[in-house]
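First up is the structure itself, then whatever we jot down about it.
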Amino acid sequence: IYESIPFEKQYTDLKAGTIAEQIETALWQGNTASADVNLNKWDGLIKLIDNSGAAVAGNTSGITAGTGITSANALTIVKNIKNAIPARVKGKKDVRIFCGWDVFDKLVDGFVSANYFNYGASQLSYENGEFVIPGTAYKVTAVHGLDGTNRLFALRESNLYMGCDILGEEDKWEIFYARESMEIRFVSEFKVGINTAFPNEIVQWTLA
């Protein structure tokens, strides 16, 4: 009799990574009205911010679905978002502009084309998915949760609140061998949700 299930660590690592990716997407794109079983468990930030009606709209500068987000206009989009940040939020150390990795790639291309290397190599970190807007301390951060959405959000990290049942949560993560059916089974149960306290301090940008 095996004391442990073969490849248990490899399997649980893969499972944990997949679940983490799905949670990240749902934290942004979650919608209880969605037909996607991975997105309909709670409302994500996009829906919550849009429904609040209080977020500041970033200037589209004539950028539409026809023009799309390109390496030529990505920096302009980010600069407009930066300029639209409410005065009471400007200068706060935890301000970030979040975008998808698809948009981040275009920002990187725009950064290189603009030859902003006088700001130092530390201003751009592709590995960490971070880009510092030249002349500021504001970071643009890539998240897979915004991939394919053509949405960007500027907000303070301290304005985000994520909730879960921490105590005992690890007891509902289990892989085991079911003798009666001769199957290896995996069970994971948890609760999670997210919201923002001050939507009027957020700048949202949508491709027109």
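The values are calculated or read from the model by the stated rules, or taken from the named source; none is laboratory data. Here the structure is a predicted model, which is why all the values come from computation and not from measurement. Methodologically, a virtual Cβ is constructed for each residue, glycine included, from the backbone with ideal geometry; neighbour enumeration extends over all protein chains shown. Note: accessible area is taken over every heavy atom of the protein model, side chains too, but ligands, DNA and RNA are not part of it. Shrake-Rupley method; radii C 1.70, N 1.55, O 1.52, S 1.80 Å.
Do we have any residue at all in the stretch 36-51 that's open to solvent by 80 Å² or more (accessible area, probe 1.4 Å), more than 17 Å from Leu146 (Cβ to Cβ) and of a type outside the set (D, E, K, R)?
Just the residues of the stretch 36-51 that are open to solvent by 80 Å² or more (accessible area, probe 1.4 Å), to begin with: 37, 41, 51.
Pick out the ones that are also more than 17 Å from Leu146 (Cβ to Cβ) and you get 37, 41, 51.
Next cut, of a type outside the set (D, E, K, R) only: 37, 51.
Yes: the stretch 36-51 contains one or more residues that are open to solvent by 80 Å² or more (accessible area, probe 1.4 Å), more than 17 Å from Leu146 (Cβ to Cβ) and of a type outside the set (D, E, K, R).
Restricting to the stretch 131-168, count the residues that are within 13 Å of Val78 (Cα to Cα) and either basic (Lys, Arg) or in contact with a Leu (Cβ under 8 Å, 6 or more places away or on another chain) (or both).
Within the stretch 131-168, residues that are within 13 Å of Val78 (Cα to Cα) and either basic (Lys, Arg) or in contact with a Leu (Cβ under 8 Å, 6 or more places away or on another chain) (or both) number 8.
With (1) open to solvent by 60 Å² or more (accessible area, probe 1.4 Å); (2) over 20 Å from Pro199 (Cβ atoms) as the list, and Ser71 as the residue in question, which single condition is left unmet?
Here Ser71 clears every test but (1).
Residue check: is Lys15 open to solvent by 30 Å² or more (accessible area, probe 1.4 Å), among the basic types (Lys, Arg) and touching a residue at least 60 places away in the same chain (Cβ under 8 Å)? Lay out the reasoning, then the answer.
On the way: open to solvent by 30 Å² or more (accessible area, probe 1.4 Å): yes; among the basic types (Lys, Arg): yes; touching a residue at least 60 places away in the same chain (Cβ under 8 Å): yes.
Yes; evaluated as a whole, the condition is true for this residue.
Taking the residues in the stretch 142-178 that are in a strand (DSSP E or B), modelled with pLDDT of 95 or more and open to solvent by less than 60 Å² (accessible area, probe 1.4 Å) as candidates, determine which candidate is nearest to Lys82 (Cα to Cα).
Result: Ala154.
Checking the structure you have, find out if any residue of the stretch 114-130 is modelled with pLDDT under 80, surrounded by 12 or more Cβ atoms within 10 Å (Cβ to Cβ), touching a Pro at 6+ places or on another chain (Cβ under 6 Å) and among the hydroxyl-bearing types (Ser, Thr, Tyr).
Yes, the stretch 114-130 has at least one match.
Regarding the stretch 21-38, can at least one residue be identified that is over 20 Å from Gly100 (Cβ atoms), touching a Lys or Arg at 6+ places or on another chain (Cβ under 8 Å) and modelled with pLDDT of 90 or more?
Here is the first cut: in the stretch 21-38, the ones over 20 Å from Gly100 (Cβ atoms) are 32-33, 35, 37.
Next, only the ones that are touching a Lys or Arg at 6+ places or on another chain (Cβ under 8 Å) stay: 32.
Going one step further and asking which of them are modelled with pLDDT of 90 or more, we end up with 32.
Yes - at least one qualifying residue is present in the stretch 21-38.
Hey, among Ser181, Ser188, which residue is among the small types (Gly, Ala, Ser), loosely packed, with under 11 Cβ neighbours inside 10 Å and at pLDDT below 95? Explain how you work it out, then say what you get.
Details: Ser188 fails: loosely packed, with under 11 Cβ neighbours inside 10 Å.
The match here is Ser181.
Would you call Ala137 assigned to a loop (DSSP other than H, G, I, E, B), under 30 Å from Asn80 (Cβ atoms) and either modelled with pLDDT of 80 or more or not small (Gly, Ala, Ser) (or both)?
Numbers: assigned to a loop (DSSP other than H, G, I, E, B): yes; under 30 Å from Asn80 (Cβ atoms): yes; either modelled with pLDDT of 80 or more or not small (Gly, Ala, Ser) (or both): yes.
Against the criterion (assigned to a loop (DSSP other than H, G, I, E, B), under 30 Å from Asn80 (Cβ atoms) and either modelled with pLDDT of 80 or more or not small (Gly, Ala, Ser) (or both)), Ala137 qualifies.
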